[in-house]
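Since every read-out is calculated from the coordinates, none of them should be taken as a lab result. Just so you know, these numbers come straight off a predicted model, no measurement behind them. For neighbour counting, all protein chains shown are included, and Cβ atoms are generated from backbone atoms with ideal geometry for every residue, glycine included.
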Amino acid sequence: MFAPVYLDHNATTPAEPAVLEAMLPYFSVQFGNASSRHEYGRAARRAIDDARAQVAAAVGAHVTEVVFTSGGSEANNLLLKGGAACLGPGLLAIGAAEHPCVLKPAEQLARRGWTLEKLPVDGDGRIVREQYDMVMTRKPKIVSLMLANNETGVIEDIEPLAEHARAAGTWFHSDAVQAFGKVPVDFRRLNGAGVHALTLSAHKMGGPKGAAALIVDKRLELEPLIAGGGHERGLRSGTENVAAIVGFGVACQLAVERRAALAERLARLRTQLEQGLLGLGATLFGQQAERLPNTVYFALAGVDGETLVGHLDRAGYAVASGAACSSANPEPSHVLRAMGVDGELARGAVRVSLGRGNTEEQVAGFLAALTMTVDRLQRLTAMAV
């Protein structure tokens, strides 16, 4: 099989060998249902408890604050819809550049009687503080702001925002799916500032698909999205995906152990990549803001992003145009639109997200392939004109 160099780690990551090794027994000899009252069930329950402790330790949470879900989208929906069901209609404020799994449920709630406020971002993708402060005077019931953007990699300083929300009596949630494993994430500290809940996802950090968590302050009352046997403190019924949860726990432990060294190496690769892109005349989005060390979001004037991604794939490099979760959408990125980027330039957006397996040689090879591809596309465009 043809295997392009993988430069799309914000979409998903390969499972670490230690993660896969830890998971395998739970597909075969340790196949028990964690609710069963025999040794097979008890073994599965111990495995889930151990994984819960690993996830909690990774973000400074208590084990009782970890609610396992099937993915980050479910966790975000659980907080927003589960909280809304208990609080009753009111004002809900989210960032204009949030992931669709926050935007869409928020829009659903707006159709059910909630007032939705999409908080504007500046040209680098950060929440406009003056507008945020004005919204806080209206005492929203729920605020959801991502810790790091999946497209631009821009990091939001959520602590002062959460402190303001706490003073307004607001529930504050943050989607930390892209941030965890790349920057420090300390729920205890954030909770002290006023953050009530965080979302994590295993497959963004070397774990499996199918496991995620809502880290949630136990003082919050949520109505479950899925009713049934009362699993996960009654917040998420359904037989647990033991293998995926075990892999999630190991992935969290590895992510914490490796984070500092990996971030330093990825930042060097990012600098190498950005220098090459600037030499080609690229626009780098969010360049003036603090960003994840692995993420570069760029566009080249006159070059369509989808077309460029297809050509680079054939040249042996796997990158993304905008967010992989919504790549079927031909419209320009809603994140870039929120940042005020011109629609034509936004259509050229391409995201490179580096990971543990990438090297300087691969970055250099990508830049060479990009240079040749762009030159070819520009010549074809000139001939067509």
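Give me the number: length gained by fully extending Glu257 to Thr271, i.e. 0.36 nm times residue separation minus the C-alpha to C-alpha distance, one decimal in nm. If you can, show how the numbers build up before the last one.
Details: separation 14, 0.36 × 14 = 5.04 nm, distance 2.35 nm.
Gain in length upon complete extension: 2.7 nm.
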Open item on the list: Over the chain, how many pairs of lysines fall under 19 Å by alpha carbon, counting only those 8 or more apart in sequence or from different chains?
Closed with: 12
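Just want to confirm a number: the relative contact order over the chain, from Cα pairs under 8 angstrom separated by 6+ residues, in percent.
23 percent
Provide the FRET efficiency to the nearest 0.05 for the Arg166-Glu290 pair, computing r from the beta carbons and using R0 = 22 Å.
Working: r = 23 Å, r/R0 = 1.04.
It comes to 0.45.
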- [ ] Compute the label zone of Tyr40 within the stretch 234-248: residues whose backbone N is under 18 Å from the point 7 Å along Cα-to-Cβ.
- [x] 239-244
Task: Scattering profile of the stretch 166-208 at q = 0.27 Å⁻¹ [log10 I(q)/I(0), Debye over alpha-carbon scatterers] - done: -0.94
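How high is the FRET efficiency from Asp50 to Asp186, r the C-beta distance, R0 25 Å, rounded to 0.05?
On the way: r = 21 Å, r/R0 = 0.86.
Between Asp50 and Asp186 the formula returns 0.70.
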Task: Length added when fully stretched, Arg379-Asp124, from 0.36 nm per residue minus Cα-Cα - done: 88.6 nm
Task: In range of the label at Thr64: residues from the stretch 221-248 whose backbone nitrogen is under 13 Å from the point 7 Å along Cα→Cβ - done: 233
Task: Difference of contour (0.36 nm per residue) and Cα-Cα distance, Ile226 to Asp342 - done: 37.6 nm
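Based on the Cβ-Cβ distance from Glu361 to Thr307, what FRET efficiency comes out when R0 is 35 Å, to the nearest 0.05?
0.85
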Task: Cα-based helix-to-principal-axis angle, 100-111 vs the chain, degrees rounded to 10 - done: 60 degrees
Task: Lys104 paired with Arg233, simple spin-label distance in nm, labels 7 Å along Cα-to-beta-carbon - done: 2.7 nm
- [ ] Quick one: among Val19, Val177, Val374, which has the greatest mean-square fluctuation in a GNM of the chain with alpha-carbon springs under 10 angstrom?
- [x] Val374
- [ ] Using a 10 angstrom cutoff on alpha carbons, build the Gaussian network for the chain and name the most mobile of Ala75, Ala97, Ala318.
- [x] Ala318
TODO: In whole Å, largest first, what are the principal axis extents of the Cα atoms in the stretch 49-175?
DONE: 43, 32, 28
- [ ] Using every Cα-Cα pair within the chain, state what percent have a distance larger than 28 Å.
- [x] 47 percent
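Given the stretch 232-385, report the % of alpha carbon pairs whose separation exceeds 26 Å. It would help to have the intermediate numbers written out before the result.
Working: 4470 of 11781 pairs.
It works out to 38 percent of all Cα pairs.
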